[in-house]
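J.: Starting off with a structure, shown below.
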Amino acid sequence: MLFRQAGIFHTDYSADRALFPIPADRWMIGILLLLALAAPIYMNTLYLSSYLLPWLVWTAGALGLNLILGWAGQFHLGYAAVMGIGAYAAVHATRAGIPWEIAIVLAGITAAVIGSVFAFAALRVKGLYLALSTLALQFVMDWTISHVPAISGGTQATLQAPDIRLLGWAVTSDAGLYYVALVWCVLVTSFMLNLRRTALGRALVAVREKDYAAAVIGVNSFYFKLVAFATSSFIGGVSGAILIGTFYHAVTPEQFSVDVSIQALAMVIVGGLGSIISSYFGAAFILLMPGVMNSFISWAATKFGFSLGIETLAHLPQAFYGALIIGFLLIEPLGLGKIYNNIRDYLLVWPFGYTKK
Amino acid sequence: MTLKDRGGDAPVLECRSVERRFSGIVALNGIDMRIERGEIFGLVGPNGCGKTTLTNAITGFYPPQRGHILLNGRDITGLAPHYVATLGVARTFQNLALFNGMSVLDNILLGRHIHMKPSVGRTALYWWLARSDETLNRAAVEDVIDFLQLESVRDELVDGIPIGLKKRVELARALAAEPSFLILDEPMAGMNQEEKEYMARFILDARDERNVTVLLIEHHMDVITGICDRMLALNYGEMIGSGVPADVVADPRVIEAYIGGAHVAR
Amino acid sequence: MDAISLMESAANGALIGLMYSLVAMGIVLIYKSSSVPNLAQGSMTMLAAYVLLAFANSAGAPIWAAISLAIITMFIIGMAIERVALRRLAGRPIIMILMMTLGLEIFLRAGSMTIWGGTTRPMNLGISDAPLFLGPLLINRAYAFGAVVTIAMFGFFVLFFRSRMGVVLRAISDDYTAAWSVGISVERGVALSWAMSAVVATIAGVLWSSVQGVDQSLAQLLLKGVTVAVLGGLDSIGGALLAGVLLGVVEGIASSVLDPLLGGASRDLVDAAMLILTILIRPHGLFGRHDIERV
Amino acid sequence: MSRAEPALAWNFETDTTLIRVLAQNAEVFPDRVAMREKDKGIWNQTTWQQLLEIVLCCAAGLEELDFKAGDVMLVLGDNRPRLYAGMLAAGALGGYAMPAFPDATLDEIRHFVHEAGARFALAEDQEQVDKILDLREQGATIEHIIYDDPRGLAAYANPGLISWDTLQAKGAELVIRNPNLRNELIARAQPEGPAVFVHSSGSTGKPKGVVLSHRNLLAGVRNAYRGGAFQFGESILAYLPMAWVGDFAVTMGAGIALHFTINIPERQETVLQNLREIAPTFYLAAPRSWDNLLTTIQVRMEDSSWLKRLVYKFFMALAISAEKRKLEGGQPTLKQWLLSPIGEWLVYGPIKDQLGLTRLRGAFTGGEAMGEDTFVFYRALGIKLRQLYGQTETSAYNAIQDLNEVRLHTVGRPLPGVDIRISDAGEILVRSGSVFSGYFKQDEATRESLEDGWLHTGDAGYLEPDGHLVVLGRLSDIVHTAKGERYIPNYSENRLKFSPYIKDAAVLGSGRDTLSAIICIDKEAVGLWAELRGISYISYADLSQKPQVIALIAAAVKHVNSALPHGLQLRKFVCLHKEFDADDGEITRTRKIRRNVVEERYKPIIDAIYGHQNTVLMKAKVSYESGEVGVIERTLSVQEA
């Protein structure tokens, strides 16, 4: 109905592999990009910096996790630790006087190097064991960060992050910080989009789907899992650094605890494994849900005249996460992204029932 | 082109007294096999006779405990499967091993893996670094698609196409790697007569036009005698006959094993 | 550090370790029957403790009656979890199943917190605080009690797996499809294993809450339980018992050595290290079957 | 077209040749795309300049192989750019390019080759080369075989086998070495020289060779252009068999003369996919293809979800009723008018998009009559489907329906430049620049069909007072009434069968005063119709005699009558108690009626009709499945139409 596809033909292979061959998609992406660019103009700063900005950074982070989970099919329960490594590395680097641009790259590299240590566990075992070893490593990282004062800045301490400086200019305005987040999110997204059409992406999927079949066509599973872990950790590390730089402005160990790992996992699962738009949905859902739920509950509380303890309010969103994960796994294991795709397919073949070639 | 021009008179594949045991059970015992360049070499035997084990020994999944396997004169015994693939060995599976979530095109493109340079940098900088590589390999894949007449299903998910076509897609993926040695594990299982004939034609064409040497594991005797130059018959991991198909098929030991095997299967 | 206090740490560690085994046994029971690694075992332990508390405090039931009620309740909850959440995922990729048990973990833990709040509440089983003396060694009475119960549970399981129902469960764990084909109801067996696992969780919950009170930290027993289960071999109940002792001893000694150096809280680090080392060196654990997946 | 049109290169000079027009195109739009071929997954484009180069090199190469004016080149294969180029090259050298159906049997091809004495053959691939080699073994005169796709041919050592690439390279060398050769080759062919050598459909007797000159072909295109069939720069999909005159007349004739973009599908199996990719502006297909496409749509709608089906049914019904009003000269109702944009957005547009018919300006059907429902369906979708009438002998274009004046039973008015009259025998005669000058080596046949420049088409028909041509059928099928009125039973029967409720019909009247019909209802359709109205019935025979059903059929007959001249209208009809059955010999296995059997078996009915009875008692033998033969009696009512 919305997607008109007649008359789309390609005269070379690169056009045939274009990211968005359907004009309606190109329009949509273009409009969304324009809206994103113009957001500081029409959106009030509160929404911009407390909703839109963290959403973008978390989306980038979730995409990194999706790379390892959805593409390479490797479980990762310690993603927050990886983000934390990046965050601490960037903060320490900038405090040491290293320019921010270089510091975030360093953050990514540090995360990638340490994240690859995680990978070594993954290279030896899979499934449950991988999950457990990444979980164990998350604990080790948590423990190390909070028990080594040189990293955390002392027990229970909060380490202030210096202002972001780009090419020597301090970026302090809400709009400026927002654009930093936007650029990073767009970069990660374009990387992931390209992953879908390159040899690397295909190799990762091959490893995920059938490792023996991957081996007979010459795919070295070991190497590609390592690449996946390193890349995902790089994205996670930089996302962590940017999250601190643009949103929290200070870093503490709790920001990257095991709960945060689970939150990131929930984003990917609720959003949908192995799809790009799903990470946007998942991040939005998980980030917005507690706020929306709390306002709903307080609204309901006043409306129906009951009161809930502060503890209840604090834990309800968590319980809801759990319920959501269970619900999605039972009803739509491929998450919101799959629902979106179903709707899209419904419209793509409209008015027919399915595509027949 | 003489044999010498194609890299000497070394056989493409040679197995020297290959032995493989699984927890005490001898699955392969002293297998000697020489496959010459440009041959279509048949491998037959009743179920569980060690055909697939031999394939797995060659491709490195279960390296032999004793004996050697040489590819183009080079000892490949014990090399990792993915490394064996880069040396020019491709194979298909009896029960298909396609990547179901991908399109036919992407599956065949994966066959080009060893010719491509997948990397993070190239992916990130697709427009500058990866596009030409992707395009070149796509062209190679399209040659295979044309060769196996898969145009009409190119963009469909592998999941949704009929089994006969899936078998063809798997052959396409193997051929896309431009192997020098191709192992086909029962490529015609579950096919009707017409599809079988098509497949036989494709195998012959692949040998003639794409210079591959083929090891063909097959149950259908008519196929073996029809297109194989030489063959080897196995039973309980032992060689019970080898040579020109007409002779092997006439060998009483083979007949006994084969009919006996068929009997058991029934 | 003198040898006596080291031995004391080791002895108490061994007893604590046996109590870890109780959590691990729950994980092993489920893994044996359906190859599902239950990451919600910690939360189930915690939930059981809250349920018990609810029966004991709110309903005012005597403690032994409350425990029995809690066991029955958890038996049903265990079955329900299997029926509602896990059965439909049979045959799905391990990643989905893991995520499901993780989702259960979050749901049960946060759900309990939502209902009962986060403050630690005491649980009194009537065990005296006075230590036991074993020669020169001071032994915690509650740990000793817990250890005895654990060994009793182990004994029960040994007997159980010789019973008819136990044989059925063993058949399921040996070969899923074969069990299916000889007419064993695999679903019912798996459901039973979940129910028993929930019962084990209840007992663990009772014992642990008597030691440390009822709060969120009970759920963190998961890490201990998983470490013990993996170390013992995921499908071996006896392995879980011995691995529990091993972990307890190592933890006890290591923490008494390391705590002063690292400024406390080194137990978790030791657990994590044990887990990683096991996975790297001997993924199938001390007594597990060798065919456990490994790349 | 976003690009500004250069001045028209061609002012409909028919006194030229295809190669000259091609050269003109190459000069005026050197970089514009002439041909696109889907190959290896992408559309490879050839510009007009490149196409000219290819044709010239091929011509030079052919000449090097001693291809002379008057030589015949057999062309065998599916639509491929090189085969088209080869045909143009043969024409440029004054030779005959003779395309044959790629799936034709060896016997058919042997006949053509032998009759024409072909010395050259252009084959698509190994399969076709093998056929030609077989022919040669059987004594055919083919000396040179040029092949396009070299796959599998490397090992062939047969003499005279040459790949297209080699030929092309040879020719290129010659063209470069001899600068005058280009212009000489372009100028060599003469307007009256052969452009193509096709075979007439041969519905009666053996196919006859038809040579169309450049002038014939171009005149046909000019006539069609003036008649509004197509414009300059259309985009077309060349998928029709190359041996059919329609393909050459559209793809090469109009394609070059009006510089179309000619798109060639990847394989026959991918035509529908490729159609969607290209979304051509001009599309010609046989009624059967349109029917099949409609069936595809209906089947896929049946597989769709209930919501989609509901929306589809609502808007299609709306559009069809609006279209019917329009065809009857009315205006759409206010509701139809208001809802049609929504329908376009929700249903018509998406369906056209799914099929690749969104850009269609010229949609044509030809060859035979098309069912009214199919026709109305496409027009309701917003596709201006029209009939095209023509023969091989007239370069395919005689008459088309006008865009805004479509009448279902006519094929429209004769094209400008085409004179049509009806002979005394009721035969359609055509005179035009597009009419050929005679059958190949068949003087007698030529004399029979060409008289003073008038072509005897062999079709029976008549002109309506306002000039619309009605084609009734083959002249040989004509029957006379007692009053001497000519009619073709087949024509009326086909129109009756366009009603979904009528499965078969036999029109009677030979030697009688008036026409009447025996009608077999369609059990499925009528049964459903009856169920929906709560009419219960026991059997086919019972159903066929229900008054409501008879009224339903009467309406259908009346509808057919409305488009027939007064004298040929059906006066009476009987609904038969059973279907015509091939087992009973009433129809052939291909469902063609056996008139004598029907007239003999149902003599009582015929007598009743012409004996002015209201009912007839029909005794009929029926053979049961058990092999027993029984007799049943039925009273059938004879109905006034």
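The values are calculated or read from the model by the stated rules, or taken from the named source; none is laboratory data. All of these numbers come straight from a predicted model, not from anything done at the bench. In this analysis, Cβ positions are derived from the backbone assuming ideal geometry, glycine residues included, and neighbour counts consider all displayed protein chains. SASA here: full protein model, heavy atoms, side chains in, ligands and nucleic acids out. Shrake-Rupley method; radii C 1.70, N 1.55, O 1.52, S 1.80 Å.
J.: When the residues of the range B:84-109 are narrowed to those that are of a type in the set (Ser, Thr, Tyr) and more than 8 Å from chain A (Cβ to nearest Cβ), which ends up nearest to B:Met191 (Cα to Cα)?
T.: Looking at the filtered set, the residue picked out is B:Thr92.
J.: From (1) hydroxyl-bearing (Ser, Thr, Tyr); (2) out of contact with any Lys or Arg (no Cβ under 6 Å at 6 or more places or on another chain); (3) in contact (Cβ under 8 Å) with a residue 24 or more places away in the chain, pick out the condition that doesn't hold for D:Tyr540.
T.: D:Tyr540 satisfies all of (1) hydroxyl-bearing (Ser, Thr, Tyr); (2) out of contact with any Lys or Arg (no Cβ under 6 Å at 6 or more places or on another chain); (3) in contact (Cβ under 8 Å) with a residue 24 or more places away in the chain except (2).
J.: Still on this model: Can you name the helices (runs of 4 or more DSSP H) wholly within the range A:247-350 that have at least 2 residues being more than 30 Å from D:Val347 (Cα to Cα)? Before you say what the answer is, go through the steps one by one.
T.: Values: elements: A:258-271, A:276-304, A:310-331, A:335-348.
Of the helices (runs of 4 or more DSSP H) lying wholly inside the range A:247-350, those with at least 2 residues that are more than 30 Å from D:Val347 (Cα to Cα) span A:258-271, A:276-304, A:310-331.
J.: Another question, if that's okay. What do you reckon, is A:Val216 surrounded by 24 or more Cβ atoms within 10 Å (Cβ to Cβ), more than 12 Å from the chain's Cα centre (by Cα) and away from chain B (no Cβ under 14 Å)?
T.: No, not satisfied.
J.: Further question on the same structure: So which residues in the range A:124-141 are part of a loop (DSSP other than H, G, I, E, B), open to solvent by less than 20 Å² (accessible area, probe 1.4 Å) and either touching a Pro at 6+ places or on another chain (Cβ under 6 Å) or of a type in the set (D, E, K, R) (or both), if there are any at all?
T.: Hit for the range A:124-141 is A:Val125, nothing else.
J.: Check off (1) in a loop (DSSP other than H, G, I, E, B); (2) open to solvent by 30 Å² or more (accessible area, probe 1.4 Å) for D:Val411 and give me the number that stays unchecked.
T.: Result: D:Val411 passes all but (2).
J.: Also, I was wondering about something else. Which residue out of A:Leu19, A:Leu53, A:Leu46, A:Leu34 is closer than 24 Å to A:Arg344 by Cβ, out of contact with any Asp or Glu (no Cβ under 6 Å at 6 or more places or on another chain), away from chain D (no Cβ under 14 Å) and in a helix (DSSP H, G or I)?
T.: The unique qualifying residue is A:Leu34.
J.: Residue by residue through the range C:66-100, note down the ones that are among the small types (Gly, Ala, Ser), away from chain A (no Cβ under 14 Å) and open to solvent by less than 40 Å² (accessible area, probe 1.4 Å).
T.: Within the range C:66-100, C:Ala66, C:Ala70, C:Gly78 qualify.
J.: Of all residues in the range C:127-164, which are in a loop (DSSP other than H, G, I, E, B) and polar (S, T, N, Q)?
T.: Step one: of the range C:127-164, the residues in a loop (DSSP other than H, G, I, E, B) are C:127-131, C:135-136, C:140, C:161-163.
Listed by number, the residues that qualify are C:Ser128, C:Asn140, C:Ser163.
J.: Further question: So if I check each of B:Leu234, B:Leu216, which one is modelled with pLDDT under 90 and outside any helix (DSSP H, G or I)?
T.: Matching residue, one of B:Leu234, B:Leu216: B:Leu234.
J.: At least 3 residues that are away from chain A (no Cβ under 14 Å) and open to solvent by 10 Å² or more (accessible area, probe 1.4 Å) in each: list the helices (runs of 4 or more DSSP H) lying fully within the range C:172-276 that qualify.
T.: Qualifying helices (runs of 4 or more DSSP H): C:176-181, C:186-212, C:237-262.
J.: How many residues are closer than 17 Å to D:Gly77 by Cβ and surrounded by 14 or more Cβ atoms within 10 Å (Cβ to Cβ) when one looks only at the range D:161-185?
T.: Count: 6.
J.: Separate question: Could you tell me how many of the residues in the range D:124-160 are outside any helix (DSSP H, G or I), open to solvent by 50 Å² or more (accessible area, probe 1.4 Å) and closer than 23 Å to B:Arg207 by Cβ?
T.: 8
J.: Under 7 Å between Cβ atoms, at least 6 apart or on separate chains: pull out the pairs that start in the range B:62-89 with a residue that is more than 23 Å from B:His115 (Cα to Cα) and end on any residue that is open to solvent by 30 Å² or more (accessible area, probe 1.4 Å) and of a type in the set (Ser, Thr, Tyr).
T.: B:Pro63/B:Thr77; B:Pro64/B:Thr77; B:Arg66/B:Ser17; B:Gly67/B:Ser17; B:His68/B:Thr77; B:Ile69/B:Thr77
J.: Answer yes if at least one residue in the range D:338-347 is more than 14 Å from chain A (Cβ to nearest Cβ) and in a strand (DSSP E or B), and no otherwise.
T.: Scanning the range D:338-347, I find no residue that is more than 14 Å from chain A (Cβ to nearest Cβ) and in a strand (DSSP E or B), so the answer is no.
J.: Checking A:Ile85 against (1) open to solvent by less than 10 Å² (accessible area, probe 1.4 Å); (2) within 30 Å of A:Val219 (Cβ to Cβ); (3) of a type in the set (Val, Ile, Thr): exactly one of these is not met. Which one?
T.: Result: A:Ile85 passes all but (1).
Residues checked against (1) in a helix (DSSP H, G or I); (2) open to solvent by less than 70 Å² (accessible area, probe 1.4 Å); (3) among the hydrophobic types (A, V, I, L, M, F, W, C); (4) under 25 Å from A:Phe352 (Cβ atoms):
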{"residue": "D:Lys326", "(1), (2), (3), (4)": "yes, no, no, no"}
{"residue": "D:Gln336", "(1), (2), (3), (4)": "yes, yes, no, yes"}
{"residue": "D:Ile351", "(1), (2), (3), (4)": "yes, yes, yes, yes"}
{"residue": "D:Ala380", "(1), (2), (3), (4)": "yes, yes, yes, yes"}
{"residue": "D:Ile383", "(1), (2), (3), (4)": "no, yes, yes, yes"}
{"residue": "D:Ala396", "(1), (2), (3), (4)": "no, yes, yes, no"}
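J.: Could you tell me which residue of the range D:277-311 is modelled with the highest pLDDT, considering only residues that are open to solvent by 20 Å² or more (accessible area, probe 1.4 Å) and in contact with a helix residue (DSSP H, G or I) (Cβ under 7 Å, 6 or more places away or on another chain)?
T.: Only one residue fits best here, namely D:Val311.
J.: So, in the range B:141-166, exactly how many residues are under 14 Å from B:Leu109 (Cα atoms), outside any helix (DSSP H, G or I) and more than 8 Å from every other protein chain (Cβ to nearest Cβ)?
T.: Selection size over the range B:141-166: 2.
This table checks each residue for (1) aromatic (Phe, Trp, Tyr); (2) surrounded by fewer than 16 Cβ atoms within 10 Å (Cβ to Cβ); (3) farther than 27 Å from A:Tyr178 by Cβ; (4) free of Cβ contacts under 8 Å to residues at least 12 places away in the same chain.
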residue	(1), (2), (3), (4)
A:Gly7	no, no, yes, yes
A:Leu32	no, yes, no, yes
A:Asn44	no, yes, no, yes
A:Tyr51	yes, yes, no, no
A:Gly73	no, no, yes, no
A:Tyr79	yes, no, no, no
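J.: Which one of A:Leu288, A:Leu316, A:Leu334, A:Leu308 is farther than 26 Å from A:Leu19 by Cβ, at pLDDT below 90 and within 21 Å of the chain's Cα centre (by Cα)?
T.: A:Leu288
J.: Quick one: which residue in A:Thr144, A:Thr172, A:Thr158 is farther than 30 Å from C:Pro283 by Cα, surrounded by 15 or more Cβ atoms within 10 Å (Cβ to Cβ) and among the polar types (S, T, N, Q)?
T.: Of A:Thr144, A:Thr172, A:Thr158, the one residue that is farther than 30 Å from C:Pro283 by Cα, surrounded by 15 or more Cβ atoms within 10 Å (Cβ to Cβ) and among the polar types (S, T, N, Q) is A:Thr158.
Okay, residues lined up against (1) surrounded by fewer than 16 Cβ atoms within 10 Å (Cβ to Cβ); (2) more than 9 Å from every other protein chain (Cβ to nearest Cβ); (3) closer than 23 Å to A:Asp16 by Cβ:
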{"residue": "B:Gly73", "(1), (2), (3)": "yes, yes, no"}
{"residue": "B:Gly111", "(1), (2), (3)": "no, no, yes"}
{"residue": "B:Thr123", "(1), (2), (3)": "no, no, yes"}
{"residue": "B:Glu134", "(1), (2), (3)": "no, no, yes"}
{"residue": "B:Ala139", "(1), (2), (3)": "yes, no, yes"}
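J.: Select from the range C:105-119 the residues that are open to solvent by 10 Å² or more (accessible area, probe 1.4 Å) and at pLDDT 90 or above and list them in ascending order.
T.: C:Glu105, C:Phe107, C:Leu108, C:Arg109, C:Gly111
J.: Then there's this: Could you say which residue among A:Phe247, A:Phe222, A:Phe234 is within 9 Å of chain B (Cβ to nearest Cβ), open to solvent by 20 Å² or more (accessible area, probe 1.4 Å) and within 20 Å of A:Ile145 (Cβ to Cβ)?
T.: A:Phe234 is the lone residue from the list that is within 9 Å of chain B (Cβ to nearest Cβ), open to solvent by 20 Å² or more (accessible area, probe 1.4 Å) and within 20 Å of A:Ile145 (Cβ to Cβ).
J.: Determine whether A:Ala241 is more than 10 Å from chain B (Cβ to nearest Cβ), open to solvent by less than 10 Å² (accessible area, probe 1.4 Å), small (Gly, Ala, Ser) and touching a residue at least 40 places away in the same chain (Cβ under 8 Å).
T.: Against the criterion (more than 10 Å from chain B (Cβ to nearest Cβ), open to solvent by less than 10 Å² (accessible area, probe 1.4 Å), small (Gly, Ala, Ser) and touching a residue at least 40 places away in the same chain (Cβ under 8 Å)), A:Ala241 qualifies.
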